[in-house]
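The next block holds one structure in the form of structure tokens; read it before the comments.
The values are calculated or read from the model by the stated rules, or taken from the named source; none is laboratory data. Remember, it's a predicted structure, so these values are computed and weren't measured experimentally. Neighbour counts are summed over all protein chains in view; Cβ atoms, including those assigned to glycine, are modelled from backbone coordinates with ideal geometry.
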Amino acid sequence: MNGRNFIYFIKEGIKGIFVHGFMSFAAVSVIVACLIITGTFSLVVMNVNVLIDRVEDENEILAFVDDSLDDTEALALVTEIAAVPNVASATFVTRDEALDEWAATLPEDYRDMMLTGITSADLRHRYVIKTEDLSRAEETAAEIAEIDGVEVQFDPRLSDATLSMQNVIRIVSYILAVILFIVSMFMIANTVKLATFDRREEIGIMKIVGATNSFIRWPFVIQGALLGLVGGAIAFFVQWGIYNYACNLMLNYVGLEMLGDELISFGSIAIRMLLIFIGVGFTVGVLGGSLTIRKFMRV
Amino acid sequence: MVVFNNVSKTYANGTKALKGIDLRVEDGEFVFFVGPSGSGKSTVVKLITAEVDPTEGEMLVNGFDLSKLRRRQIPALRRTIGVVYQDFRLIENMTVYENVAFAMRVIGEGSRNISKRVPIMLDLVGLAHKSRRYPRELSGGEQQRVSIARALVNNPQVIIADEPTGNLDPARSGEIMDLLRKINDLGTTVIAVTHEKDIVNSFGKRVVAFDGGRIVSDARDGYYQV
Ligand SMILES: Nc1ncnc2c1ncn2[C@@H]1O[C@H](COP(=O)(O)OP(=O)(O)OP(=O)(O)O)[C@@H](O)[C@H]1O
Ligand SMILES: [Mg+2]
């Protein structure tokens, strides 16, 4: 394909879009809708993943060391705990450190009052244990409890149900993406098909005077690609608006303010989102465009 | 040059359109194809342009061996052939000039070549003064001239006209055939399918007669038999 043919193809492709303006509008709308549905799902999944990661970090098993053990014995327990499968780390925290940490979490105004009469002697040494696989944490906690001289406290902040829910959302969003991709593609294919129908006589002449198949194909592929690109770009900006609107809504909602720092900001993923939307739009368009004209290529 | 060696064509529905055709058309010849409706004339045309494949036999068209022709080579073959149809097949929303230029444009010719060559062709067919008209503003004879200009513009070795005068009155028909003869005199091979006895007889050119999918006569300075 040389330069002057390229200009010709672009011109013809654009012509094809405007000849059936309404159909083109419909195709672009469908692409926009599909991209936004998929995009919204992905944004939800991304945010859920971030939240789960954060909660996972906080999800720890506490193993209190029995007061009957002296400090050396208490420190020695680490080898036994670390040997338990699925234990990622076991950090020893003395009773003094534990008290300090606890104090730090209390509101300043009430701290002294709440700590009155409490000394580190009231607390026990403990191990703070993190697991590799959170979904097996309960099992791991039970195994640690078997070790002599420790008492385990584990209250899971994330149940197995939450974790499997996360997987379900992820799988649903993949399936949805594939379905919507195919829907958009056929939408473009149909729009381009109308254009090929209008121009069947031209195509007939092109074939009989010896135009190559690729020459005949290009304007339609470009038509599809342009529709897809426009759809991708529009979807990006609409998605941006929707996302920020939804974030604001949630933050102003009583009880959800604490999500403030946790939500992914659109700005941080805008470039990636734009590239994906435009890339997907382009691919959908090219595939849709090529799909339609395949049958014209025989004879 | 067009060579058929024992060529048969049976369509998918079982119709035996051609049965063992042997034919040789030399470069520079003018040949009429005549014969009753359904005798296979248009099938020969479609075989030459590779719109249909032969069921049997060997074919050579302008140096292309059609039995070995790959799909991707078809455009190259077709650039050596100019086809003229009974119904003109002009594009309605293009001017006369654009219709002819279109044939060059779509095989990748540049605009400099196009603007040089299209006027020459329109002049040859006597339509230079109507280059900005649309097909609907022209008579049938004029539309057929445009389609002849389009067939010629890429400088083919052979022009094939399938009943080019089928939609025209006798006077226009004579003019179109005269134009084809002029083109032949300029060196292009011409194959014309026709039912016009008077014209065939007055031209004194080679006449190949078809009937029932066979060639029933091939007369060098022939006239319309049957
Ligand atoms: N695409 C096709 N499929 C099936 N049969 C066909 C096809 N095209 C032509 N035929 C048949 O093949 C035979 C030869 O047809 P062809 O068009 O070659 O005849 P022709 O000599 O050009 O006739 P006419 O003078 O009416 O144009 C006819 O019986 C016709 O019905
Ligand atoms: Mg015919």
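Can you tell me which residue within segment A:216-240, out of those that are more than 15 Å from A:G16 (Cβ to Cβ) and of a type outside the set (G, A, S), is farthest from the chain's Cα centre (by Cα)?
We begin by selecting, within segment A:216-240, every residue more than 15 Å from A:G16 (Cβ to Cβ); these are A:231-240.
Okay, now just the ones that are also of a type outside the set (G, A, S), so A:234, A:236-240.
Values: A:I234: 20, A:F236: 16, A:F237: 18, A:V238: 18, A:Q239: 14, A:W240: 15 Å.
Among them, the one singled out is A:I234.
Say we look at segment B:55-84 and pick out the residues that are assigned to a helix (DSSP H, G or I) and among the aliphatic types (A, V, I, L, M); which of these is farthest from the other protein chains (Cβ to nearest Cβ)?
As a first pass, look at segment B:55-84 and keep what is assigned to a helix (DSSP H, G or I): B:66-68, B:71-78.
Right, trim to among the aliphatic types (A, V, I, L, M) and you get B:66, B:74, B:76-77.
Values: B:L66: 14, B:I74: 8, B:A76: 7, B:L77: 7 Å.
Result: B:L66.
Looking at B:V100, B:V52, B:V106, which one is within 14 Å of chain A (Cβ to nearest Cβ), under 26 Å from A:M206 (Cα atoms), aliphatic (A, V, I, L, M) and within 15 Å of ligand 2 (Cβ to nearest atom)? Lay out the reasoning, then the answer.
Values: B:V100 fails: within 15 Å of ligand 2 (Cβ to nearest atom); B:V106 fails: within 15 Å of ligand 2 (Cβ to nearest atom).
It is B:V52.
Scan A:I7, A:I37, A:I17, A:I52 and give me the residue that is among the β-branched types (V, I, T), part of a helix (DSSP H, G or I) and within 14 Å of another protein chain (Cβ to nearest Cβ).
Details: A:I37 fails: within 14 Å of another protein chain (Cβ to nearest Cβ); A:I17 fails: within 14 Å of another protein chain (Cβ to nearest Cβ); A:I52 fails: within 14 Å of another protein chain (Cβ to nearest Cβ).
Testing whether each residue is among the β-branched types (V, I, T), part of a helix (DSSP H, G or I) and within 14 Å of another protein chain (Cβ to nearest Cβ) leaves just A:I7.
For the subset of segment A:174-192 comprising residues that are of a type outside the set (V, I, T) and crowded, with 19+ Cβ neighbours inside 10 Å, which member is nearest to the other protein chains (Cβ to nearest Cβ)?
Residues of segment A:174-192 of a type outside the set (V, I, T): A:174, A:176-177, A:180-181, A:184-187, A:189-190.
So of that shortlist, the ones also crowded, with 19+ Cβ neighbours inside 10 Å come out as A:180, A:184-185, A:187, A:189.
Working: A:L180: 35, A:S184: 30, A:M185: 26, A:M187: 27, A:A189: 23 Å.
Step by step, filter segment A:174-192, then rank; the result is A:A189.
Only residues that are part of a helix (DSSP H, G or I) and either over 22 Å from B:N62 (Cα atoms) or more than 14 Å from chain A (Cβ to nearest Cβ) (or both): list them for segment B:144-172, please.
Taking segment B:144-172 first, the residues part of a helix (DSSP H, G or I) are B:144-152, B:170-172.
The answer is B:Q144, B:R145, B:V146, B:P170, B:A171, B:R172.
When residues of segment B:173-189 are filtered for being crowded, with 22+ Cβ neighbours inside 10 Å and not in a helix (DSSP H, G or I), how many remain?
Residues flagged as crowded, with 22+ Cβ neighbours inside 10 Å and not in a helix (DSSP H, G or I) within segment B:173-189 amount to 1.
Out of the helices (runs of 4 or more DSSP H) lying entirely within segment A:87-157, which hold 2 or more residues that are acidic (D, E) and within 29 Å of A:D70 (Cβ to Cβ)? I'd like the intermediate steps shown before the answer.
On the way: elements: A:95-105, A:108-115, A:137-145.
Per the criteria, A:95-105.
So if I check each of A:Q166, A:Q239, which one is at pLDDT below 80 and under 30 Å from A:R54 (Cβ atoms)? Reasoning before the result, please.
Values: A:Q239 fails: at pLDDT below 80.
Exactly one of A:Q166, A:Q239 is at pLDDT below 80 and under 30 Å from A:R54 (Cβ atoms), namely A:Q166.
Checking B:E29 against (1) surrounded by fewer than 16 Cβ atoms within 10 Å (Cβ to Cβ); (2) closer than 26 Å to B:V200 by Cα; (3) not polar (S, T, N, Q), which test does it fail?
It fails just one condition, (1).
With the requirement that a residue be more than 12 Å from ligand 1 (Cβ to nearest atom), free of Cβ contacts under 8 Å to residues at least 40 places away in the same chain and out of contact with any helix residue (DSSP H, G or I) (no Cβ under 7 Å at 6 or more places or on another chain), what does segment B:8-50 give you?
B:R24
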